[in-house]
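The values are calculated or read from the model by the stated rules, or taken from the named source; none is laboratory data. Predicted, not measured: the structure shown is a model, and the values here were computed from it. With ideal geometry, Cβ positions are generated from the backbone for all residues, glycine too; neighbour counts draw on all protein chains shown. Surface areas here come from the heavy atoms of the whole protein model, side chains and all, with no ligands, DNA or RNA. Shrake-Rupley method; radii C 1.70, N 1.55, O 1.52, S 1.80 Å.
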Amino acid sequence: MKIQHPLLIQAVGCVGSQLIRGLGRTWDFHFRYEDPAVDPEVARRAGQRYIYAFFHEVMLFPAYYWNWPSMNILISDHRDGEMITQVVKRLGFGVVRGSSTRGGARALREMTGKLEGNLCVTPDGPRGPRRHVHQGIAYLASRTGLPVVGTGLAFKDAWRAKSWDRFCVPKPGSKAAAVTPAPVFIPPDADREALEAGRLEIERRMQSAMIEAEEWVEKL
């Protein structure tokens, strides 16, 4: 059943954000950065801006750990996106609506105007395929001049939804691991071929980081 009434959506947003805060306090976080400068906390203090990318299935990790107003997250114009918007706004994110399939051009204009902060994207959303990077993030990086930091995130103990992304809900007390490779730079004058090369490199690094994070978290 789809929730469509505005008051119900707001209620879901309120309850959802409280649940994430409550669960997040119990998670045990571990981090590896190939370049420590891309750590969002370090970047925030240094005034450096990036496009942070993480796959749709593990969005609860950054939703709890990096929920600052300077993190502007792109949320799909898909009808389920309003509930996610209500949750992440209450957690403290800035929000831009749009996706690679709906509202993408408008979202790009809005995000370009938000250069005082970082941008956050789930490059396989809103419908997948799972762990596939769409070209929109490469275009966004080229036009904004911001490098892409694609992070691999994993939880040791979690429930998995039977959705296209196998959405991950970590159990209380779960260990969490983040593996972050070096950023990918896309030239500002990138043509179609260069954008595709950038997309492939972002995808390669993110998929590799996911595997490393999943293997690491099982050893913690």
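Taking all pairs of distinct Cα atoms, average 1/r, flip it, and tell me the Kirkwood hydrodynamic radius of region 137-177 in Å to one decimal place. About 12.6 Å, per the Kirkwood formula over Cα pairs.
Peptides 156-162, 166-172, ordered by how many other C-beta atoms sit within 10 Å of their residues on average, highest first, read 166-172, 156-162. Per the Debye formula on identical point scatterers at the alpha carbon atoms of region 115-220, with no solvent, log10 I(q)/I(0) at q = 0.19 Å⁻¹ is -0.98. In this structure, the amide hydrogen of Cys120, modeled 1.01 Å from its nitrogen in the peptide plane, lies closer than 5 angstrom to those of Tyr52, Asn72, Ile73, Leu74, counting only residues at least 5 positions away or on a different chain.
Using a probe of 1.4 Å, the accessible surface attributed to Val42 totals some 50 Å² when neighbouring protein chains are kept in position. Sparse packing (at most 14 other Cβ atoms within 10 Å of the Cβ) combined with a DSSP loop state is found for the following GluC sites (Glu not before Pro) in region 149-220: Glu218. Here the simple spin-label model places points 7 Å from the Cα toward Cβ, and for Glu41 and Asp28 these points are separated by 1.8 nm. In this view, the solvent-accessible surface of His30, computed with a 1.4 Å probe and all protein chains in place, comes to about 50 Å².
For region 179-220, what is the accessible area per residue in Å², given a 1.4 Å probe and the full set of protein chains?
Ligands and nucleic acids excluded, the result is 57 Å² per residue.
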